[in-house]
1. Please specify each residue of segment 51-74 satisfying the condition of being over 21 Å from the mean Cα position of the chain (by Cα), more than 10 Å from the ligand (Cβ to nearest atom) and open to solvent by less than 30 Å² (accessible area, probe 1.4 Å).
2. Can you spot a residue in segment 193-203 that is assigned to a helix (DSSP H, G or I), aliphatic (A, V, I, L, M) and loosely packed, with under 13 Cβ neighbours inside 10 Å?
3. All but one of (1) surrounded by 13 or more Cβ atoms within 10 Å (Cβ to Cβ); (2) within 22 Å of L71 (Cα to Cα); (3) in contact (Cβ under 8 Å) with a residue 40 or more places away in the chain hold for N14, so report the exception by its number.
4. Which one is surrounded by the fewest Cβ atoms within 10 Å (Cβ to Cβ) among residues in segment 103-117 that are near the ligand (Cβ under 9 Å from one of its atoms) and more than 19 Å from E155 (Cβ to Cβ)?
5. Can you name every residue in segment 204-243 that is in a helix (DSSP H, G or I), acidic (D, E) and surrounded by 12 or more Cβ atoms within 10 Å (Cβ to Cβ)?
6. Residue check, R256 against (1) open to solvent by 80 Å² or more (accessible area, probe 1.4 Å); (2) of a type outside the set (A, V, I, L, M); (3) more than 24 Å from A93 (Cβ to Cβ), all met but one. Which one?
7. Could you go through segment 163-171 and let me know if any residue there is small (G, A, S), touching a Leu at 6+ places or on another chain (Cβ under 6 Å) and modelled with pLDDT of 95 or more.
8. Can you find even one residue in segment 136-147 that is outside any loop (DSSP other than H, G, I, E, B), open to solvent by 50 Å² or more (accessible area, probe 1.4 Å), assigned by TED's automatic domain parsing to the domain that holds V74 and of a type in the set (V, I, T)?
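The values are calculated or read from the model by the stated rules, or taken from the named source; none is laboratory data. Because the structure is predicted, anything quoted here is derived from the model rather than measured. Here the Cβ is made from the backbone with ideal geometry for all residues, glycine too, and neighbour counts use every protein chain on show. Protein only, heavy atoms only, side chains kept; ligands, DNA and RNA dropped before computing areas. Shrake-Rupley method; radii C 1.70, N 1.55, O 1.52, S 1.80 Å.
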Amino acid sequence: MILPSPTWFVGCGNMAGAMIEGWRSAGVDFSMATAIRPSGTPVEGVRTVKSLKDAGASPRMIVLGFKPQKLDEVVPDLQTWVTSKTIIVSLLAGVEAESLRARFRKGLIVRAMPNLPVSVRRGVIALHSAEELDEATLKLLSDLFSALGFAMWAESEKALSAIGGVAGSGPAYVARFVDALAAAGAQQGLPEELSRTIALETVFGTGWMAASSHEAMDELARRVASPRGTTEAGLQVLDRDDSLKDLVAVAIDAARRRGAELAAEARGEQVA
Ligand SMILES: NC(=O)c1ccc[n+]([C@@H]2O[C@H](COP(=O)([O-])OP(=O)(O)OC[C@H]3O[C@@H](n4cnc5c(N)ncnc54)[C@H](OP(=O)(O)O)[C@@H]3O)[C@@H](O)[C@H]2O)c1
């Protein structure tokens with residue numbers, strides 16, 4: 001698999017770094033790729049520079065991997081390198097295609113919403129383009145992102161945001177759940193480190209099993225919880241008044257609202 005030549009990663013922290021890690025383990029060739037980040041912190045296997053002026057020939061593809069708040073700091077310089085053929089893949093959560101188009105006069109704009117497990121090629125990636133892409137570009141991006149996990153084209157930016165709300169943020173929520181499970185185990189007398197390992201392996205094993213069997217979650221829970229048994233007693237607490245479901249829904253809605261604020265900021269609107 002080859003990246004368009006050259007490809008620039010403009011901003012290469014957690015997310016773009018995770019994508020590079022995943023592509024590297026998929027055998028992607030990075031000889032024509034450059035990471036641009038102000039700190040110059042080396043990115044393994046990728047030529048890394050501190051500023052755009054050292055990046056080299058005009059890129060065929062640019063991955064925008066900086067924070068949404070940096071948009072107006074980065075784009076004015078960057079746009080001088082963009083031609084009508086440049087593919088601009090934006091990872092910027094909440095920043096709509098229209099806001100990107102208002103800043104980039106040229107180039108094909110594609111939004112991508114990946115999550116961190118792309119580093120181990122088990123990510124979820126939503127892609128969306130407001131503009132029509134030719135077959136070759138569609139195939140190129142589909143192939144590249146499919147190498148990082150479950151990649152899909154979202155029909156609208158609303159769908160892209162909804163997928164991002166669950167998948168993009170999801171690893172943080174799962175991490176919190178693992179911590180909660182581990183802390184509860186420690187409260188029951190397990191050594192902390194052992195409890196952490198047990199919690200993580202339980203989440204990992206359950207996810208793997210469910211993904212392999214395609215079994216409904218409710219059915220899976222029923223297989224663990226025998227009537228009037230121990231698990232059922234625990235589930236009654238989690239299920240009471242739909243408290244867990246409601247809590248997760250409220251958390252995801254809070255993230256959605258923050259995404260809407262970021263989108264408004266990128267449109268140049270004042271956010272209270
Ligand atoms: N993290 C996630 O799980 C996740 C999920 C979906 C989408 N995203 C999106 O991915 C983007 C990056 O998030 P992140 O978590 O990877 O953030 P991060 O780890 O803080 O990385 C940000 C990167 O931007 C670079 N940067 C800062 N100022 C810059 C400038 N003026 N020009 C070029 N690069 C600059 C930083 O450089 P240094 O390395 O030199 O500091 C760093 O490499 C965000 O837009 C976010 O919405 C993240």
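1. Correct list: A55, P59.
2. So the first thing to find is which residues in segment 193-203 are assigned to a helix (DSSP H, G or I), and the list is 193-203.
If we keep only those that are aliphatic (A, V, I, L, M) as well, we get 194, 198-200, 203.
Checking which are loosely packed, with under 13 Cβ neighbours inside 10 Å leaves us with 194.
Yes, because at least one residue in segment 193-203 is assigned to a helix (DSSP H, G or I), aliphatic (A, V, I, L, M) and loosely packed, with under 13 Cβ neighbours inside 10 Å.
3. So the condition that N14 fails would be (1).
4. Here the residue is L116.
5. E232, D239
6. It is condition (3) that R256 fails.
7. No: segment 163-171 contains no residue that is small (G, A, S), touching a Leu at 6+ places or on another chain (Cβ under 6 Å) and modelled with pLDDT of 95 or more.
8. no
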